[in-house]
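First comes the structure, then the notes that go with it.
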Amino acid sequence: MEVRVRVAPSPTGFLHVGTARAALFNWLFARKHGGKFILRIEDTDRERSKEAFDQDIRDGLTWLGIEWDELYRQSERLGVYRDYLRKLLEEKKAFWCYHTKFQLESEREAQMKNKEAPRHICEHKLNPPEEKIGGIIRLNVMGKNRAEAVVFEDLIRGTVEFKRNTLGDFSIARDLDDPLYNFANVVDDHEMNINHIIRGEDHIPNTPKQILIAEALGFSIPFFAHLPLILGEDRSKLSKRHGATALSDYRQAGYLPEALINFIALLGWSPGGNKEIMTRSEMVSAFSLEGIQKGGAIFDLKKLRWMNSEYIKKMPPQGLIESLKPTAKDLFNDGGEILSKIIHLVQERIEAFSDLGEFHYFFREPEITPDLLIWKKSDAQGARKALTYIEAVLEDADNFEDEKLRNRLDAIAEKEFEGDRGAVYWPFRVALSGQKFSPDPVEMAVIFGNKKTRERVQRALTQLG
Ligand code: GLU
């Protein structure tokens, strides 16, 4: 049997990280077994589906490198669903229900009051009204086999069972040309020969309905594998409250697709062992549904940042410069000149491209808080003295070379500050960056060059007063 799997997003929002994970797991499963991965856009909800979201979903998957073998759109397949709906109506496995909204609502309220599952058990299936008066199509669930449970073996969660009574005669279409999600989904999985359904756990309640629809249509039932929920750090379902949930937000913040793919793969799947950084092909060969956990998977942003930094460190510096150029342009209007000079510092330190913002002092003059210039073991007097000595050293352009400059600064520390290097290096560093934490001042000075370095030291002196 050729493995055929799919991801079936509805284009009613931007590509969610949960959908990206479902896509990735299906893709890994297909690649592992030499099967096919299908992208099916479920756009039957005409009001909520938007072309922009359809585009965002395809762009996001392409950017992640999850390429599909076949692409379908449900809005282009209405004729297929119509034929199957007609068949079910003719065979009396489905029927028109003409209950009004009001009637259905009162029924629902009564059920809620009795603490029963809200559902509709419809008498129209037995004696339809004389005249067709507009209504919806329901599946005849509560007919003869009403006592039977609906059971399936989930490849991740084991046996799952539902009572038919809790489902009622659920609706499958608003009209012949307007199938509802569960119906179109089942028809397509059959028509597209999908044999493994790998998707989020939030779809478990839909599964018994889909099985009943498939049975009514005489389709074989595929395997199901429901992925654990993705949780925020407080262990509640991941939502915007926890931060970005749209893949495009991570893309914009400057995460690398390789890092995101790697991170997303580990949301609920473990290859076994301690290996965390994996290439795409390592993931393909290690992937198995057995490696997927039942319990929720926590979306740990710190881990994503760490992973991304690992991938950034591995990039060739020239490649990183090219990738960071748009960010440098956006943030500092730098065309890459300054960026190229500091790339080795940046590469070791950033976790996402947006972190480049922390290096603003290379691109423009920093604000300096005079108190910060004072070394913890010294005072304003000491800072002034150190900066004055440093200025004198900088006057000699010959000193502008890493080793030489370091030797000179060390000598000042030795002679004037009883060997306390912090007394010299700390105010120098703050004068150049204005920051509590920043790279080594000598490295920065060499990048800035003589003129800019002296200007900043002089400015710090003026601010100290
Ligand atoms: N259109 C559904 C969704 O976006 C697909 C569910 C499924 O994979 O069956 O959640």
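Quick rundown of the values:
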{"quantity": "Protein accessible area in the chain, 1.4 Å probe - carbon and sulfur %", "calculated": "50 percent"}
{"quantity": "Over 23 Å between alpha carbons, listed pairs LYS404/LYS452; LYS32/LYS314; LYS115/LYS240; LYS32/LYS275", "calculated": "LYS32/LYS314; LYS115/LYS240"}
{"quantity": "Three-way shape call for the stretch 1-96 based on the alpha-carbon gyration tensor, with the a/c threshold at 1.5", "calculated": "oblate"}
{"quantity": "Rounded to whole Hz, the Karplus (6.51, -1.76, 1.60) HN-Hα couplings of the stretch 384-392, x for glycine and proline", "calculated": "4, 4, 4, 5, 5, 4, 4, 4, 4"}
{"quantity": "By average C-beta atoms within 10 angstrom, highest first, the peptides 438-451, 334-347", "calculated": "438-451, 334-347"}
{"quantity": "Surface accessible to a 1.4 Å probe, per residue, for the residues of the stretch 129-227, Å²", "calculated": "43 Å²"}
{"quantity": "Subset of LYS93/LYS163; LYS341/LYS376; LYS125/LYS163; LYS87/LYS125; LYS313/LYS341; LYS302/LYS377 violating a 26 Å alpha-carbon distance limit", "calculated": "LYS341/LYS376; LYS302/LYS377"}
{"quantity": "Folded to 0 to 90 degrees: helix 78-90 orientation relative to the chain principal axis, Cα", "calculated": "30 degrees"}
{"quantity": "Sequence-distant residues sharing a close amide H with ILE172 (under 5 Å, placed H)", "calculated": "ILE137, ARG138, LEU139"}
{"quantity": "Cα-Cα P(r), the chain, percent of pairs per 10 Å interval", "calculated": "4, 16, 20, 17, 13, 10, 8, 6, 4, 1, 0"}
{"quantity": "Rounded tilt (10° steps) of 301-313 against the dominant C-alpha axis of the chain", "calculated": "60 degrees"}
{"quantity": "Rounded tilt (10° steps) of 207-217 against the dominant C-alpha axis of the chain", "calculated": "40 degrees"}
{"quantity": "Dipole of the stretch 89-187 [Lys/Arg +1, Asp/Glu -1 at C-beta], most positive-end residue of ILE137, PHE183, HIS120", "calculated": "HIS120"}
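The values are calculated or read from the model by the stated rules, or taken from the named source; none is laboratory data. Since we're looking at a predicted model, the values are computed, not measured. Note: ideal-geometry Cβ built from the backbone for every residue, glycine included; neighbour counts use all protein chains shown. When the accessible area is computed, the model is the full protein with side chains, heavy atoms only, and any ligands, DNA or RNA have been set aside. Shrake-Rupley method; radii C 1.70, N 1.55, O 1.52, S 1.80 Å.
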